[in-house]
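So the structure is just underneath, and the comments pick up after that.
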Amino acid sequence: MKTTGYAAHDHQSPLVPYQFERRALRDNDVAIEILYCGVCHSDLHTTRNDWGFTQYPIVPGHEIVGRVIDTGAHAHRYQCGDLVAVGCLVDSCMECDQCRKGEEQLCREEVTETYAGEDRISGEVTQGGYARHIVVREEFVLRIPPGLDIASAGPLLCAGITTWSPLQTWGVTSGSRVAVIGLGGLGHMAVKLAAALGAHVTVISRTDNKRDDAMALGADALLVSSDDQAMAAAADSFDLIIDTVPVRHDLKPYVPLLDIDATLVLVGQLGPVEVIDTMPIVAGRRRIAGSPMGGIRETQQLLDFCAEHQVLPEVEMIRMDQINDAFARLEKADVRYRFVIDMSTLPDAAPAD
Ligand code: NAP
Ligand code: ZN
């Protein structure tokens, strides 16, 4: 199937219109017309080859909301016209212990990511949701529940599930003391979701500028990370800290904020962090952990939870041709709090590869 999208052709040029092929429907595939796609900081990292594995051209985008337009011969979960979503994962081995538990993101045979992954059958590089269409095997397609606003639901597919999963893993519930470092796309969803679970939520931000926003999103407090006195006063006060910072940074200031047996979970920047002092980790039986995305079943539970409790991302809707400005603003943390591309603004004709 021919489709159009926006692609990067190297690590420094802007994204440009791009025509490419989606695979012909396999028996268990669903073809989707994309209506909206969120803009994640990972799209920017991948476009810039920050992680060193990008193959060009690359079409980013893994916060996809759309409508089913065709189904494979043995794909029975969805019908044409259904509103559906696709997140960060499009395939896995489906047989290992992790896949059988519904933790496809931890697949022993390496999960296939929505873009910059390798198709398990053809070996082609997968291409993401800054496009008119996508073809995905049905087990990796999510259902948009009734009552969930499709124009703002997209960011739940990455920012939402990536913060929801650690909240579930570490058992956050009413009264849990949760801190969120970095109030961006992931951070604002972490605040909303933790607040919806009844937690006491503190935002840890670089400045005081987002205080009013943090409170409006459901936080109870804001801690400025450069305020040494306030940071010292917050020692031993959290059960879980979710770190969403997208750049290499020092973890030392955050570890002492954990209470005994509490966890600092890294979901942001992937790669080396500054050396940390092991003394407070050992002495306080504290933990430093990581968490990638979330499984398909857990993602569906999140969508259902958000429909029921009307927890929705804060979205700034953009046209497809505004994506390069949006990337520049994302780099400066100038987004409140997630860009979403209205895919009806994607031009039909685009130059061939
Ligand atoms: P984002 O919208 O750009 O938000 C990041 C926030 O971090 C900013 O709003 C800012 O908050 C803070 N920040 C930015 N630059 C900083 C700096 N130099 N030092 C300290 N804090 C800084 O990004 P996002 O989309 O939420 O993504 C965050 C990170 O998570 C990215 O690295 C992304 O690749 C990663 N990610 C991981 C997964 C996973 O599976 N684990 C999934 C999705 C994304 P303040 O202004 O409040 O300080
Ligand atoms: Zn993402």
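Quick note: the coordinates plus some simple rules give every number you see, no bench work behind them. Given the structure is predicted, the values throughout are model-derived calculations rather than measurements. When we count neighbours, we look across all protein chains shown, and the Cβ atoms used for this are built from the backbone with ideal geometry, even at glycine.
Listing for the model above:
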{"item": "For SER176, residues with placed amide H under 5 Å, excluding near neighbours", "result": "HIS200"}
{"item": "Theoretical FRET efficiency, 1/(1+(r/R0)^6), r = Cβ-Cβ of ARG248 and MET317, R0 25 Å, to 0.05", "result": "0.20"}
{"item": "For segment 281-287, 3J(HN,Hα) per residue [Karplus equation, 6.51 cos²θ - 1.76 cosθ + 1.60, θ = phi - 60°, Hz, x = Gly/Pro]", "result": "6, 5, 5, x, 6, 8, 10"}
{"item": "Ranked ILE204, ILE58, criterion: other C-beta atoms within 10 Å, fewest first", "result": "ILE58, ILE204"}
{"item": "Residue of ILE296, ILE34, ILE121 that the Gaussian network model of the chain assigns the largest fluctuation, springs spanning Cα pairs under 10 Å", "result": "ILE121"}
{"item": "Residue with peak Gaussian network fluctuation, the chain [Cα springs, cutoff 10 Å], from ALA151, ALA307, ALA24", "result": "ALA24"}
{"item": "Proximal lysines relative to LYS332, as straight alpha-carbon distance under 18 Å, when same-chain residues fewer than 8 apart are discounted", "result": "LYS210"}
{"item": "Under the Karplus curve 6.51 cos²θ - 1.76 cosθ + 1.60, θ = phi - 60°, whole-Hz ³J(HN,Hα) for segment 300-312, x wherever Gly or Pro sits", "result": "5, 4, 5, 4, 5, 4, 5, 5, 5, 9, 6, 9, 10"}
{"item": "Exposure proxy order (Cβ contacts within 10 Å, fewest to most) of HIS200, HIS11", "result": "HIS11, HIS200"}
{"item": "Spin-label model distance (nm) - ILE121 vs ALA151, 7 Å beyond Cα toward Cβ", "result": "3.7"}
{"item": "Using θ = phi - 60° and Karplus 6.51 cos²θ - 1.76 cosθ + 1.60, couplings along segment 110-125 (whole Hz; Gly, Pro as x)", "result": "6, 5, 8, 7, 4, 10, 6, x, 10, 4, 5, 9, 8, x, 5, 6"}
{"item": "Modelled FRET efficiency - R0 22 Å, ASP325 with ALA216, Cβ distances, 0.05 increments", "result": "0.30"}
{"item": "Charge context of LYS2, other residues only, Cβ under 9 angstrom, K/R +1, D/E -1", "result": "0"}
{"item": "Share, in percent, of DSSP beta bridges within the chain that are antiparallel, nearest 5", "result": "55"}
{"item": "Sequence ranges 134-140, 46-52, ranked by mean other-Cβ count within 10 angstrom, highest first", "result": "134-140, 46-52"}
{"item": "Computed over segment 159-290: relative contact order in percent, which uses C-alpha pairs under 8 Å that are six or more apart", "result": "21"}
{"item": "Under-5 Å amide H pairs with TYR36, H placed in peptide plane, nonlocal only", "result": "VAL65, MET343"}
{"item": "Where labels lie 7 Å past Cα in the beta-carbon direction, separation of ARG23 and GLN168 in nm", "result": "2.6"}
{"item": "Proxy reagent accessibility, fewest Cβ within 10 Å first, across PHE305, PHE327", "result": "PHE305, PHE327"}
{"item": "Relative contact order [Cα under 8 Å, 6+ residues apart], the chain, whole percent", "result": "19"}
{"item": "Of ALA131, ALA194, ALA221, the one that fluctuates the most in a GNM where the chain has Cα springs shorter than 10 Å", "result": "ALA221"}
{"item": "Calculated FRET value between ASP70 and ALA233, using beta carbons and R₀ = 41 Å, to 0.05", "result": "0.10"}
